[in-house]
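Here is the structure we will look at, set down as structure tokens.
The values are calculated or read from the model by the stated rules, or taken from the named source; none is laboratory data. These numbers come from a predicted model, not from an experiment. Note that each Cβ is placed from the backbone with ideal geometry, even for glycine, and that neighbours are counted across all protein chains shown. Just so you know, the surface numbers come from the protein's heavy atoms only, side chains and all, with ligands and any DNA or RNA stripped out. Shrake-Rupley method; radii C 1.70, N 1.55, O 1.52, S 1.80 Å.
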Amino acid sequence: MNFEEFKEKIFALAKGKVVEVQISYSKSRNFQVRYQNGEMDQYTDAEKFRINVQVLKDGKIGMSYTETLDDPEKVFMDAYENISIVDTEDIEYFYNGKGVYPKIEPYNGVFENLSVKERLNYVEITHKKIREDERIINDMAVYGDQMSESKIVNTLGLNVSFVSGGGFMYAMAVAKDVSPRSAFEFAIGKKPEEINPTHVGERAKDEAITLIGSKSVKSGKYRVILRNDVFSDILGMLVSMINADNAHKNLSPLKGKIGEKIASEKFTVKDLPIHNLSIVAAPFDSQGVPTKEKVIIENGVFKTFLHNLKTAKKDNVEPTGNAYGTSIAPINLYVEPGEKNFEELLKTLDNGIIIIEVEGMHSGANPISGNFSLGAKGLKVENGKIVHGVEQITISGNFLEIMHKIEEVGNDLRGFIGMNGMIVPSVLISELDIAGNA
């Protein structure tokens, strides 16, 4: 049985039960290889396939899933019977597919055309570049590429599909010191030529060496640059705060603040369906609703929460196309860049610290209150120049206050991938609490 036959059988069963039904099909392929000190220690080449069936009756949705096309009746009846155990007063909806979908070029599968040898070459080149300096005592390099195909159809007329994908690699270099000094670097791309293994290895090596001789600093308040990779981690706290469902449950500190100034005038944040620095792209969300560009924070003013069908109905607004399974999330969280490059940010900082790594986001950051306390590494800056590495420090504060303290936004945009995409520059913060060794 193929998917079309499976779909027609499910639709016929729904008609017999006088219910609406939605089928979500997903197929993914993941390739990944890891080298430790030039020796392969992990290799993955796997495919996954899944079909979710949702049955809608009287505003309630019952769900079931299958990893085969063999028994459409069973998966339909499981979903239908699961309606009876739904314990919520919320009214659920399906989307009819009549909206305008953005035109996004689907992933063309270019990474699948690479041979295994070509893929391994990425990590081998990176390993050799890292080991060019005898002070490096350990290294790791990872290459991967991924492809996902999604399709959503329902009895209201929705019928959409899209293929996304791309490649990535990251590396770690460890330099010899009193305590080993480690540094990471990464790259992502929609095409193989956008991933430069030499650059990845060199950046990891150079930063590890820069951190030799790192020491702590006195506790106090410092002007800091949150480098783009660190700021992407901390900005992750905003994802939970702009989730409309969290606002409804009083789990967002931004509830009731639409139209209010919540950040520096230099801070503008958008959600984008696609960006050339990200391998994440989506013309529709997991409910089949069209995605679109939207401004979340404009010159410091909070403009909108992100919605799925249910939360949009509650707030009497249009859905924003941000359903992400059972949650709500941005597709590509994008921070509007400023005019200064990183070197100009350094000169503006003059004296302070660049934060280049944070640890403990899951345990040390609370998106409900905005408070965070994170172990960190950095670089001390004096008179606009980096003078030494910084270790054994903890940065703490409140994300809502940090947004107000953004003094400058850099133009050094980088794309990052996690649960969603992020395109983020470095930012200069006027004041941040740092606990050191004195």
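Of the residues F76, F49, F168, the one that moves most in a GNM of the chain with alpha-carbon contacts below 10 Å is F49. For region 86-131, a Kirkwood hydrodynamic radius built from all Cα pairs, placed in the Stokes-Einstein relation at 20 °C and 1.002 mPa s, yields a translational diffusion coefficient of 132 µm²/s. Taking a straight Cα-Cα cut-off under 19 Å and skipping sequence neighbours fewer than 8 places away in the same chain, the lysines within cross-link reach of K249 are K257, K310, K313, K314. Each Lys and Arg Cβ is given +1 and each Asp and Glu Cβ -1; about its Cα centre, region 28-187 then shows a dipole of about 540 debye.
Between 0 and 90 degrees, the angle of helix 3-17 with respect to the longest Cα principal axis of the chain falls at about 60 degrees. Partners of K103 within straight-line reach, counting lysines whose Cα lies under 21 Å from its Cα and excluding those fewer than 8 residues away in the same chain: K151, K190, K191, K270, K292, K294.
Solvent-accessible area of S179, all protein chains in place: 50 Å² (probe radius 1.4 Å, heavy atoms, ligands and nucleic acids excluded). Is region 25-142 rounded, prolate or oblate when judged by the Cα gyration tensor, a ≥ b ≥ c being the square roots of its eigenvalues, rounded requiring a/c under 1.5 and prolate requiring a/b larger than b/c? Here region 25-142 falls in the prolate category.
How large a share of the accessible area of region 302-409, in percent, is made up of carbon and sulfur atoms when the probe is 1.4 Å and the other protein chains stay in place?
Summing carbon and sulfur atoms, their accessible area is 45 percent of the total for region 302-409.
Relative contact order, whole percent, for region 1-79 stands at 29, derived from Cα pairs under 8 Å and 6 or more residues apart.
Over the residues of the chain, the helix contribution to mean residue ellipticity at 222 nm works out to -6500 deg cm²/dmol, using -39500 (n - 2.57) for each DSSP H run of at least 4. Each Lys and Arg adds +1 at its Cβ and each Asp and Glu adds -1 at its Cβ; summed about the Cα centre, the chain shows a dipole of about 540 debye. Ligands, DNA and RNA are left out, and with a 1.4 angstrom probe the accessible area of region 1-152 is 58 Å² per residue. The distance separating the Cα centre of region 144-161 from that of region 80-98 comes to 20 Å. Residues with beta-carbon under 11 Å from that of S164, excluding S164: net charge, scoring Lys, Arg +1 and Asp, Glu -1? Net local charge, S164 excluded: -1. With every protein chain in place and a 1.4 angstrom probe, the accessible-area ranking of H362, H275, H248, H404, largest first, reads H362, H404, H248, H275.
With the cut-off at under 16 Å, measuring from each backbone N in region 306-329 to a point 7 Å along the Cα-to-Cβ line of Y65 picks out 324-328.
The overall shape of the chain is oblate: from the C-alpha gyration tensor, with semi-axes ordered a ≥ b ≥ c, the ratio a/c is 1.5 or greater and a/b is no larger than b/c.
Along the charge dipole of region 144-282, pointing to its positive end and built from +1/-1 on Cβ of Lys, Arg, Asp and Glu, which listed residue (I234, G157, I274) has its Cα farthest out? Value computed over the given set: I234. I'd like the carbon and sulfur percentage of the solvent accessible area for region 163-236, probe radius 1.4 Å, heavy atoms only, ligands and nucleic acids excluded. Here it works out to 52 percent.
Of the trypsin sites (Lys or Arg not before Pro) found in region 29-131, the ones in coil according to DSSP and having at most 13 other Cβ atoms within 10 Å of their Cβ are K98, K103.
Placing unit charges on C-beta atoms (Lys and Arg positive, Asp and Glu negative, everything else neutral), compute the dipole magnitude of region 273-407 about its Cα centre in debye, rounded to 20.
Numbers: 12 positive and 16 negative charges, 86 e Å.
Dipole of region 273-407, to the nearest 20 debye: 420 debye.
Taking the chain as the reference, fit the longest principal axis to its C-alpha atoms, fit the long axis of helix 72-82 to the helix C-alpha atoms, and give the angle between the two in degrees, 0 to 90, nearest 10. The helix 72-82 is inclined about 80 degrees to the chain. Tell me the angle of helix 228-241 to the major Cα principal axis of the chain, expressed in degrees between 0 and 90 and rounded to the nearest ten. Tilt of helix 228-241: around 40 degrees. Its relative contact order, with pairs defined as Cα atoms under 8 Å and 6+ residues apart, puts the chain at 15 percent. The mean accessible area for residues of region 315-410, using a 1.4 Å probe and ignoring ligands and nucleic acids, is 44 Å² per residue. Need the C-alpha centroid separation for region 352-381 versus region 199-220, integer Å. Region 352-381 and region 199-220 have Cα centres spaced 16 Å from each other.
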